[in-house]
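Some notes on the structure that comes next.
What follows draws every value from the coordinates through simple rules; no lab data is involved. Bear in mind that the values here come from a model prediction, so they are computed numbers and not experimental data. When we count neighbours, we look across all protein chains shown, and the Cβ atoms used for this are built from the backbone with ideal geometry, even at glycine.
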Amino acid sequence: MASDLAPRFEVAVTKYASWTITLMAIAAALALATAESVAATAPMRIVFLHSYGQNFKPWSEYARALRQELDRRSHWPLVIEDFPVITARAEDENAEVQFVEYLSAVFSNQAPDMVVAFGAPAAVFVQRHRSDLFPATPMVLTAVDERRVQQLTLTGNDTVVAVRQNIGILFGHILQVLPDTKTIAVVVGNSPNERFWIGAITRELEASKDRVKLIFFNDLSFEEILNRAATLPIRSAIFWIQPQVDAIGAVHEGDSALRRLYAVANAPIFSYDDSFFGREIVGGPMTSVSDGTRAASDVAIRILSGEKPADIKTPVLEYGPAKYDWRQLQRWGISEGRLLPGSEIYFREPAAWERYRWQIALVGFVILLQATLITGLLYERRRRIYAEVQSRQRMAELAHVNRYSMAGELTASLAHELNQPLGNILTNAETLEVILKSPVPDMNELKEIAADIRRDDERASEVIRRLRSILRKTPFELRDLDLNEVVGETLAFVSLSAVAREAELASFLTSTALSIKGDRIQLEQVLLNLIVNAIDSTSASLNAERKVTVSTASIDDFAEVSVSDRGPGIQQDKLKEVFEPFFTTKPQGMGMGLSIARTIVEAHGGRIWAENRTGGGATFRFRLPLVSVPKA
Ligand code: ADP
């Protein structure tokens, strides 16, 4: 076709003879380039001969990949025409002859530029009819085991891209990864090509027949194969060749047969070609579609470029590195330690950490944060409890000091209280001496005097007991108490002091006990503070009524004590302030009594407050929770 343009080139040279040699050269180059590109547009016709049909694995995968690869690498437009060699399913000679005639008719005008046969059935067919079928057309036999190629009938126009199925390696590998395997069921059909492989496997594994039992499913329909695969004995494996034409003549192309087998099989499935690999197959050494395609496309491109096929020698393809499906390894409990060295593991599911890295990190962070917060809070709580214990201890100590100072205030009246019984004892002792001097002492009188002395002594002891009790340094301790009793004891303690200060003490206590939980000494101290303050206030003004009233009451769930006086009262805006530490209006005052009283009441879960009375004076009240007495 390039010669069609030469006259035009000559005309151009004549017409523009005055042009420089350089321009002529450029024009010549352009013209040549155009000529070449026109020549290159002529399509190359390639015939693909498919074993059994266009969709039979593994060959269909080799054909599909080679088509893609040639489209990608070819310098020429390609016309690829597919012809399934259906006649090979049964090797029907009569049908084959007619198929050859049909092909010859299709290509009667122009022979194809290249023929590619995929798989042994197509190779056997095309070699058998080589002289009738495009005798001068270059031909590539690919995806075929070397044993299936008739070396003697190869012509100078033929070349082979063969693989080698190493039966020993394939089956030995099953025992390598599952050493306990006792049975291998071979899923294979009954077509001529498949029978070849049954024979080859039987022969080559003859030596291992005592170690592992081989079962071939070639004489079963596919439905029967499924039943058998579901009920294989334990320690079985399945070797998948694909029942391309099963015992009842049904063909199984594509993926569905393997998928159905996998759904029911009770044993792991192995195979020989990686076109089956990717879901159902465990893996191992396998022929590789990509290696085969690479080699076949190299050969095809060289042939299309004009090389003589017989000159192209391709080494037989061996197995690549073993491939395994991680999911199948997990399913069948195959340890990675048993895999062949240099294996590649596919479809590994990322560990939870890899898959949810951010979520886990976030949750971890939140947990850490929470743990830190909880630790912080626990630490704070401990500190608070410690501080509370400390403050209660301080309060107890302060209260103790406060009791001492109050005892000091009461010393005069206490001395008076002690003096009285001691004075009586002295008088009685003197009377006793006088009576004893008489010749006939009156025994009855003596007895009465002795009883008086005893009574006075007990009275003095009681005063000392009370004083010791109030001055005792005790830890804060809650006990079951009757608040009325506490009030009564305090009134007894302070009564003499009231008398000394010319103040009248009146009390109105509830008839029933007021059960509370409390620290007796500390509650007595609260009361003492309130009563002494009340007595102080009555002495503050000359014309004030010198009367202090102490009452108890039960209000809702609380026991209430109130201490009232008719003193000057408290400035309205100071009603709360009087409870603050160091608040005092007295020249010698410390301002700690009410503050301590509030702390004690609050430590008992109660509250204390002050009010002014109508008609003058103040009332201090405090309430403590009543202990609920179970009803009878
Ligand atoms: P102190 O008695 O040392 O001053 P308190 O804490 O007992 O300390 O009292 C604080 C102040 O509260 C007193 O100085 C007084 O001003 C006031 N107060 C307490 N009780 C009464 C009361 N019954 N009437 C009037 N004022 C009172």
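Listed values, structure above:
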item	result
The stretch 88-132: chymotrypsin sites (Phe, Trp or Tyr not before Pro) in DSSP coil with no more than 15 other Cβ atoms inside 10 Å	none
Long-range amide H partners of L214 with built H, under 5 Å	I184
DSSP bridge orientation in the chain - percent antiparallel, rounded to nearest 5	35 percent
Spacing of the two label points (7 Å from each Cα toward its C-beta) at A250 and E502, in nm	12.8 nm
Cut-off under 5 Å, modelled amide H: who pairs with K547 long-range	E504, R566
Nearest 10 degrees, 0 to 90: helix 192-204 Cα axis against the chain principal axis	70 degrees
Those trypsin sites (Lys or Arg not before Pro) in the stretch 283-380 that DSSP places in a loop and that have at most 11 other beta carbons within 10 Å	K313
Chymotrypsin sites (Phe, Trp or Tyr not before Pro) within the stretch 562-619, DSSP loop, no more than 14 other Cβ atoms inside 10 Å	F582
Over the stretch 38-139 - Rg/Rh using Cα atoms and the Kirkwood inverse-distance radius	0.98
Cα-based shape type of the stretch 535-632, given that a ≥ b ≥ c are square roots of the gyration tensor eigenvalues and the cut on a/c is 1.5	oblate
Cross-link partners of K574 among aspartates and glutamates (Cα-Cα below 12 Å; sequence separation of 8 or more within a chain)	E611
The chain: angle of helix 119-128 to the longest principal axis, Cα-based, in degrees nearest 10	0 degrees
Helix axis angle, 21-40 relative to the chain longest principal axis, alpha carbon, degrees	80 degrees
222 nm mean residue ellipticity, helices alone, for the chain (DSSP H n ≥ 4; -39,500 (n - 2.57); rounded to 500)	-16000 deg cm²/dmol
Under-5 Å amide H pairs with A559, H placed in peptide plane, nonlocal only	L624, L626
Overall form of the stretch 501-543 per C-alpha gyration tensor (a/c, 1.5; a/b vs b/c)	oblate
